[in-house]
Amino acid sequence: MVRAPVYPLAQQLIQTLQERGYRDTAPRRALARVIAGKDRHFAAEELRNELPHLGRATIYRSLKLLVEAGVVCRVLLEDGNLHYQLSHRGHHHHLLCVECGASQDLVGCDVEGMLKQAAALHNFQLNGHWLEVYGRCQTCVAKDEASPAQVS
């Protein structure tokens, strides 16, 4: 008897949706397997290309549910494109390399106090925030330092 491979992370994504009252469907399982296999951020359209049998609405609805559940997070790239990635932690931000596209979670939100002060100053009710930090990762910086300087 041949058993289907076990996808523990994909199953966790499906379980999270079930705990929130959503059904376990074949399209959600397929999407969860593809997402679980990602090791970096991805666009919804990439999922569409990998799962051409799933409708665009199904993919976007499922992504929205996974983001609301906190197991997938949105990543806004410097060029304005919205990507997603697995989120293994609670509230966090991202350090995004503008050269190679690598992302790293930035845990610990030291801006919370400043934002609360600014909101209070303007009589504004703060519901949340989203912060992306753009720059160059250690690998890309090291590449530049290792390459000889160009002469003009």
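The values are calculated or read from the model by the stated rules, or taken from the named source; none is laboratory data. Remember, it's a predicted structure, so these values are computed and weren't measured experimentally. A quick note on method: Cβ atoms are made from the backbone with ideal geometry, for glycine too, and the neighbour counts reach across all protein chains shown.
Here Gln18 meets the list (1) in a helix (DSSP H, G or I); (2) touching a helix residue (DSSP H, G or I) at 6+ places or on another chain (Cβ under 9 Å) almost entirely, failing just condition (2). Checking His83, His91 one by one, the residue that is under 25 Å from Gln15 (Cβ atoms) and out of contact with any His (no Cβ under 7 Å at 6 or more places or on another chain) is His91 and no other.
Reported count of residues in segment 61-70, each being at pLDDT below 90 and either in the same structural domain as Arg136 (by TED's automatic domain parsing) or in contact with a strand residue (DSSP E or B) (Cβ under 8 Å, 6 or more places away or on another chain) (or both), is 0. Beta carbons closer than 9 Å, at least 6 apart along the sequence or on distinct chains, pair a first residue in segment 103-132 that is over 23 Å from Glu68 (Cβ atoms) with a second that is small (Gly, Ala, Ser) for Phe124/Ala118.
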